[in-house]
Structure formats: structure tokens, C-alpha cells
């Protein structure tokens, strides 16, 4: 924990942030959290589509409408969680079910084909604990069972009681509380859908309650995330009840992963706040440094005048049109900018650090 505490204290030394930096940080986190948490679960919106939707209210490109609706609901859930975390009242099951209701929006029917071609269906209930068993086929090919519908209410009650008592005791750090809650919750898997998204919201709920920066589990690191959970599962064993009452020692692999994740994310926030320069930008949790000042000038021009033409850019930047087009195409390819035919405007999706 020592290295993590050092990073956390370094972060505290930077507070309070200026209004501009705080607004930039909120904007960055809003897009990165929603994009990554939903992508882990299969949402198909690109980073650019997510930013346009959440920050500008615009729908762009091809994707199923449910993915757009899911992303908007995710952001509503994030905002609600953040506000409730500020109140610092005891955690309740009602709050978790409300978050689930927001994420799923409404009940929906899933249609499946059973062996032998038999058609079947079941209803996924928003804000209601599961009514049918759920399990997952791991990447190792084995089936992993979560708590049964009959076990779920009692195990969720145990989880909430444990959390409130553990928080009050002061025997656990916020990092330990968040990691323990995540692991125990996932082993219960109380809902028929949306459990991963709820678990990651609850991690940030706990961190926020204790004045730690909120974090993003990056989709590009999904396998490391799942592997850490899997390694702890091997130690805890297959019993859902054992998983729902796992100890810190039991989940040491996931806890170690989680400490590194939090440290990495706080360092990223520090970099975002402190590494300010015209050629230094930010995209999905990573610093992007442009070697050419012309690239930065193009991005700033697109931000200032979203309807600017190639000819106008040529005059403004002072290089030929083909060079402008080459840089624009490269920025589009990397996802840093986007042009929507519907409004014929440029949208800069990469974030300036100044």
C-alpha cells in the first residue's frame, strides 16, 4: 500500500484544482468511464460516438439504438451514484436496485434456442433480483455458477450489513473495501444482467465516499481484470456462499490487481493535471504528444471553428492543402476527430491539457 499512499498524497497536494482543470477532468472521466465499462460488456459504440453522445447529445455513425440508449443510461447511473456518494449515508440494497433500474431502464425479454431447436424465452427484470439461475462459461471452458435466486436476497443482505459495519470499524482502507465489495458482489451476481456495470459503479461509489479519485477499468486491459478475478476464484472455491463471504486473504490476487489499477489511474489523473502543454493531449487514459506544432494548430482551429474548410485551414496553418488533408485523415483514423455529415461540423474528440 505504501506506493499507493505516496501517489494518493501526491494527488491531494494538487488540490484544489482550478475550475477549468476540474471541468476538464470531469469531462474526461465521464467519457472514459462510460465507454470502457460498457465496452467490457459488449457495447459497440466507439470512443468518438460515446463522446459525441454524452457531451454533445449527438448520435453519429452506425450502431444499434440499444447501445446508444445503454450508454445514456450508464451516464445517468454514474451521475446518480456520484450524488448519493456525497451524502455518505449508510449503503442500502434499495440504492443498488435503483442503480440497476436506471442502467437497464425497463424489463425486456431474451429469446434463446435450447438443444434440439426448442425455442425459449425469459424476462430480465430491471431493479429486481434474478428469478432464474445464472452462470458463465469461463475462457478456460468450465461453467462457473453464481448464487441461486433463492440464496441471493440473504447474501445481498449480508453484503450490505458487512459493508456498513466494515466501513464504520475503520479496519479496512477504502481500497480494501472497494476490492472486497466488488469481489463479493460479483460472486453473488444478483441480477440477470448488468452485474459487471453495477460492480464498477459501486467501486467508484466507495472510493468517492472516502474522497479517493474514481477509476476506470479499461477495456483494453479486460483480460487482466478477468484473470485477477479468476485467480481469486480458484482460491475461494466454487461455492457462491464462500465467494460472498470471501476474506482479504482469499482475494489477494484481485486485491493486488486492484491496488495497481488504482495507482495507475491516480497517476494518470496527476499526469493529466500537471503535464500541460500545447502539443500534449489526452485520449482514453493516455497522453498523446504531437511532434508537429501544425497538428496542434489544426486541432485548435477545428475546436474554434467546427465548420472550417480545407481552404481556410490551408491559409490559417500555412501549409498546402494536401498536407492538411493528410494530417486530417491521420487524426480521423486514430479517432481523435470526427466529421458528421448531418451537421457538417468537425468534432474534436481528443482533449487538450491546457
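Looking at residue 300, is it free of Cβ contacts under 8 Å to residues at least 40 places away in the same chain, assigned to a helix (DSSP H, G or I) and under 23 Å from residue 54 (Cβ atoms)? Against the criterion (free of Cβ contacts under 8 Å to residues at least 40 places away in the same chain, assigned to a helix (DSSP H, G or I) and under 23 Å from residue 54 (Cβ atoms)), residue 300 does not qualify. Considering region 1-50, and only residues there that are free of Cβ contacts under 8 Å to residues at least 24 places away in the same chain and within 22 Å of residue 332 (Cβ to Cβ), the residue that is nearest to the chain's Cα centre (by Cα) turns out to be 50. The numbered conditions (1) surrounded by fewer than 21 Cβ atoms within 10 Å (Cβ to Cβ); (2) outside any helix (DSSP H, G or I) are all true for residue 60 except (1).
Conditions tested, residue by residue: (1) in a helix (DSSP H, G or I); (2) in the same structural domain as residue 37 (by TED's automatic domain parsing); (3) over 27 Å from residue 43 (Cα atoms).
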residue: 133; (1), (2), (3): no, yes, no
residue: 165; (1), (2), (3): yes, yes, yes
residue: 178; (1), (2), (3): yes, yes, no
residue: 198; (1), (2), (3): yes, yes, no
residue: 207; (1), (2), (3): yes, yes, no
residue: 211; (1), (2), (3): no, yes, yes
residue: 222; (1), (2), (3): yes, yes, no
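Of note, residue 142 does not satisfy the criterion of being without any contact (Cβ under 8 Å) to a residue 40 or more places away in the chain and surrounded by 13 or more Cβ atoms within 10 Å (Cβ to Cβ). For region 86-116, the set of residues classified as part of a strand (DSSP E or B) and surrounded by 11 or more Cβ atoms within 10 Å (Cβ to Cβ) consists of 108, 110, listed by residue number.
Applying the criterion of being part of a loop (DSSP other than H, G, I, E, B) and under 13 Å from residue 348 (Cα atoms) to the residues of region 303-335, the residue that is nearest to the chain's Cα centre (by Cα) is 335. Scanning region 243-286 for residues that are free of Cβ contacts under 8 Å to residues at least 24 places away in the same chain and either within 23 Å of the chain's Cα centre (by Cα) or in a strand (DSSP E or B) (or both) returns 252, 260, 264, 268, 271, 286. Of all residues in region 228-242, those being free of Cβ contacts under 8 Å to residues at least 12 places away in the same chain, on the phi < 0 side of the Ramachandran plot and either outside any helix (DSSP H, G or I) or surrounded by 21 or more Cβ atoms within 10 Å (Cβ to Cβ) (or both) number 1. Every condition in (1) surrounded by 15 or more Cβ atoms within 10 Å (Cβ to Cβ); (2) closer than 30 Å to residue 6 by Cα; (3) under 18 Å from the mean Cα position of the chain (by Cα); (4) in contact (Cβ under 8 Å) with a residue 40 or more places away in the chain holds for residue 185 except the one numbered (4). The set of residues from region 287-297 being touching a helix residue (DSSP H, G or I) at 6+ places or on another chain (Cβ under 8 Å) and in a helix (DSSP H, G or I) comprises 294, 295, 297. When 297, 340, 291, 344 are screened for being at positive phi, over 21 Å from the mean Cα position of the chain (by Cα) and not assigned by TED's automatic domain parsing to the domain that holds residue 229, only 344 passes.
The values are calculated or read from the model by the stated rules, or taken from the named source; none is laboratory data. Everything numeric here is computed off the predicted structure, so don't read it as measured data. Cβ atoms come from the backbone with ideal geometry, glycine included; neighbour counts cover every protein chain shown.
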